[in-house]
Amino acid sequence: MDAAVDATIVTPGELLAVNAAEYLRGHGTYTDESGRLLASVCGVVQRVAKLITIKPMRSRYVPANGDVVVGRITEVQEKNKTWKVDVNGRKEANLLLNAVNLPCGTLRKRDKEDALNMRRMYADSDVLSAEVQEVKGEGKAHLHTRSTKYGKLYNGMLVAVQASLIKKLPQHFVTLEIGVDMILGKNGYIWISITRTDAEKAVAQQIQDKAKEKDVYAPPPYQPTSAAQRQILARVANSIKVLDSAFIAIYPTTIMDVYRASEEANLIPPEMLDKKYQSVLTSTAIRRRGDTAKEFKKNDDMEDDED
Amino acid sequence: MGSKQEFISLEGLRVDGRRPREIRKIKFELGVLPRADGSCILEQGMTKVMVAVYGPGEVRGRADHGSKNAVILVNYSSAAFSGNERKKKLRYDKQQAEVCQAVKATFEGVILTRLYPQSQIEIFIEVLQTDGNAVCTCLNGATLALVDAGIPMQDYLIACNAGYIDGTALVDTNAQEDLAGGPRVPVAVLARSQKICHLQLDHKLSRELFDEVLKTAMEGCTQIFNVLDTQIKEHARRQLESASVVSST
């Protein structure tokens, strides 16, 4: 077929256009020696005027400016004053010492002592939320946590899914009505924790402030999570995993769809992951397909082409 | 010993009931390992392999830093229970090293490595069950896993072999036919352009016979490609419909 039609499925090596020069080559395509335009991945064709792009079924997270991400520290490089962060991308992201807020909000130039204290701020395998500040060549993201809403994450659970299922949302920090706080990292890492009451938060803040008088890097106190609360967290986590294996877009509405369906079906969280319940659990979420296309089209039009 | 084994019956059927130019039944599943970027379990007849692909990702080895193309690492292993008898794990397995090298060299020419400088793509192949022609199934499995991972390639890399027994070229030999001791030519091609990426011959073969056997093997590749492509497109359609990227018509 010449000039692949928008929304057809193609596989690697499939002919898209006989003369590649007539088109703008997007991701997922390549030109061969005889000047033909061919697909290099298996996916769906996206045509916008002369631009042909193939969107693959699966790919690692491709960072874009302004994305809210959840990451895990893989390396602390005191010499370079950088943390290396795993953000589910092709490259590890960098979090520079200059891009984080010093404890107690002081504003000053980072000195040698700050570099030596890096591990007290974020150590290996700590989980944090951050925003992508800049993307340097070949997908290396530079993160920053210059806001009180970003930083190290405690007392919760990390769920890893395919990045392509999380689209740009109006809010990435959400609270579900069942009392669960969620950070939907655009990179496919989701952090869930129990919503604490204002009273609990005040008490925790008091304890932490007291501890900070002795050590500025004092972490917030451990907050116990009851068995019932952990059941709720497990159910949310598994709802997300069900959406991931069924390849359905992940956002608060679909997560609650699966959550409610699992309660109606009287399933305990471990049972939810069994393939035989997949269609029962996802039936409501799948019906929202039309809604998501419209809902996300608004956001897609606003954001730059991140591929 | 018993009477001479008949590999082609009077009706023209092989030991497993196939015709000489008929490939074995193909069954596969993509995305079987959720933590891998791409994975598959592929069965061709009774030969079964599982392949996992990780990448493109950070290069781990110091020596590979600063390379202009992505580095491809291959790990091949055949399970102790895969053959007729339980296999002992050797410290240095020549066959293992050969297969790793063959897969690596072949895919370096197929994957568009220039797109990912200073990155690595790691392929893990595990043979779960071997009934002949495991290397070709491994190559096909690697193609499927790479497609699942969304790693750009020039084309499908399809592998198939053909043997020559009792005056007939047989495509996609099984273990019994392999034991007959006749010549065997495994070949791997880029599906649409038919460019040969890998070719092996361990026996003496006359020029004309070689041409016939090679042609048979390449026709087998085309048959395998048709089966895989159709099923992969169907799999992709179902997945992308789910994620509301394509409409369900």
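Some notes on this structure:
- Estimated distance in nm for a label pair at residue A:134 and residue B:108, the labels positioned 7 Å out from Cα along Cα-to-Cβ: 3.6 nm
- Apportionment of accessible area to carbon and sulfur, the range A:1-143, percent (1.4 Å): 50 percent
- Inter-part distance, the range A:98-112 to the range A:114-189, computed on C-alpha centroids, equals 20 Å.
- Choice from A:259, A:30, A:189 showing the highest fluctuation, given a GNM over chain A with Cα pairs closer than 10 Å: A:30
- Residues of the range A:13-33 that bury at least 10 Å² of accessible area once all protein chains are present, compared with their chain alone (1.4 Å probe, heavy atoms only, ligands and nucleic acids left out), are A:13, A:14, A:30, A:33.
- If you plug the beta carbon distance of residue A:124 and residue B:226 into 1/(1 + (r/R0)^6) with R0 = 51 Å, you get a FRET efficiency near 0.55.
- Between residue B:19 and residue A:176, the C-beta separation translates, for a Förster distance of 45 Å, into a calculated FRET efficiency of about 0.15.
- Overall form of chain A per C-alpha gyration tensor (a/c, 1.5; a/b vs b/c): oblate
- Local electrostatic count, residue A:119, Cβ distance below 10 Å [Lys/Arg +1, Asp/Glu -1]: -2
- Here the range A:102-121 is scanned for amide nitrogen atoms under 17 Å from the site 7 Å beyond the Cα of residue A:222 along Cα-to-Cβ, giving none.
- Residues of the range B:18-43 with amide N under 18 Å of the 7 Å Cα→Cβ point at residue B:180: B:18-25
- Chain A: angle of helix A:198-214 to the longest principal axis, Cα-based, in degrees nearest 10: 70 degrees
- Positive-end residue, the protein assembly as shown charge dipole about Cα centroid, Cβ charges, pick of A:9, B:90, A:245: B:90
- Additional length obtainable on full extension of the chain from residue A:203 to residue A:6, 0.36 nm per residue less Cα span: 65.3 nm
- Most to least accessible of B:50, A:57 (protein chains only, probe 1.4 Å): B:50, A:57
- Surface calculation, 1.4 Å probe, protein heavy atoms: residue B:124 sits at approximately 80 Å² accessible.
- Surface burial for B against A, with a 1.4 Å probe and both sides summed, reaches about 3200 Å² of accessible area.
- Relative contact order for the range B:159-221, counting Cα pairs under 8 Å that sit 6 or more residues apart, in percent: 40 percent
- Pairs of Cα atoms nearer than 8 Å and 6+ residues apart set the relative contact order; for chain B it is 20 percent.
- Cβ-Cβ FRET estimate between residue A:211 and residue A:265, R0 fixed at 35 Å, reported to 0.05: 0.20
- Between helix B:94-108 and chain B there is an angle of about 60 degrees, using the helix long axis and the longest principal axis of the Cα atoms.
- According to the calculation over all Cα-Cα pairs in the range A:93-229, the P(r) per 5 Å bin from zero is 2, 8, 15, 21, 21, 16, 11, 5, 2, 0 %.
- Among the protein heavy atoms, those of residue A:210 account for about 140 Å² of accessible surface (1.4 Å probe, every chain in place).
- Across the cross-link table entries B:88/B:195; A:55/A:140; A:81/A:214, which are compared at the Cα atoms, the separations over 31 Å belong to B:88/B:195.
- For residue B:69, nonlocal amide neighbours, meaning residues 5 or more places apart or on other chains whose placed amide H falls under 5 Å from its own, are B:118.
- Estimated D of the protein assembly as shown in µm² per second, where Rh is the Kirkwood radius over Cα pairs and Stokes-Einstein applies at 20 °C, 1.002 mPa s: 82 µm²/s
- Debye, to nearest 20: dipole size of the protein assembly as shown, +1 on Lys, Arg Cβ, -1 on Asp, Glu Cβ: 1140 debye
- Cα-derived Rg over Rh, computed across chain B with Rh taken as Kirkwood radius: 0.99
- Most to least accessible of B:192, B:114 (protein chains only, probe 1.4 Å): B:114, B:192
- Chain B, accessible surface, carbon-and-sulfur percent (1.4 angstrom probe): 51 percent
- Helix B:207-242 vs. chain B, principal-axis angle (Cα, 0 to 90°, nearest 10): 40 degrees
- For the range A:231-246, backbone phi angles converted through the Karplus equation (6.51, -1.76, 1.60; θ = phi - 60°) give residue-by-residue couplings of 4, 4, 4, 4, 5, 5, 4, 6, 4, 5, 5, 5, 4, 5, 6, 8 Hz, Gly and Pro being listed as x.
- When the residues A:241, A:50, A:109 are ordered by accessible surface, computed with a 1.4 Å probe over the protein chains alone, the sequence from largest down reads A:109, A:50, A:241.
- Counting only heavy atoms of the protein chains and using a 1.4 Å probe, residue A:78 has close to 60 Å² of accessible surface.
- With the Kirkwood sum run over all distinct C-alpha pairs, the range A:153-200 has a hydrodynamic radius of 11.4 Å.
- Phi to ³J(HN,Hα) by Karplus 6.51 cos²θ - 1.76 cosθ + 1.60 over the range B:161-171, Hz, x for Gly, Pro: 10, 9, x, 9, 10, 6, x, 10, 7, 10, 8
- Whole-Hz ³J(HN,Hα) from phi, Karplus 6.51 cos²θ - 1.76 cosθ + 1.60, for the range B:32-43, glycine and proline x: 7, 10, x, 7, 7, 5, x, 7, 7, 10, 10, 10
- Within the range B:75-185, the proportion of C-alpha pairs whose separation exceeds 20 Å stands at 49%.
- Expressed as a fraction of 2.2 N^0.38 Å, the value expected for a compact globular protein of N residues, the C-alpha radius of gyration of the range A:1-111 is 1.59.
- Solvent-accessible surface of the protein assembly as shown, averaged per residue with a 1.4 angstrom probe and all protein chains in place: 49 square angstrom.
- Expressed in Å, the radius of gyration and Dmax of the Cα atoms of the range A:22-62 are 10.6, 33.
The values are calculated or read from the model by the stated rules, or taken from the named source; none is laboratory data. If you're wondering where the values come from, they're calculated on a predicted model, not measured in any experiment. As a convention, Cβ positions derive from the backbone with ideal geometry for all residues, glycine included, and neighbour counts pool all protein chains shown. For the accessible areas, the whole protein counts, side chains as well, though only heavy atoms, and no ligand, DNA or RNA atoms are used. Shrake-Rupley method; radii C 1.70, N 1.55, O 1.52, S 1.80 Å.
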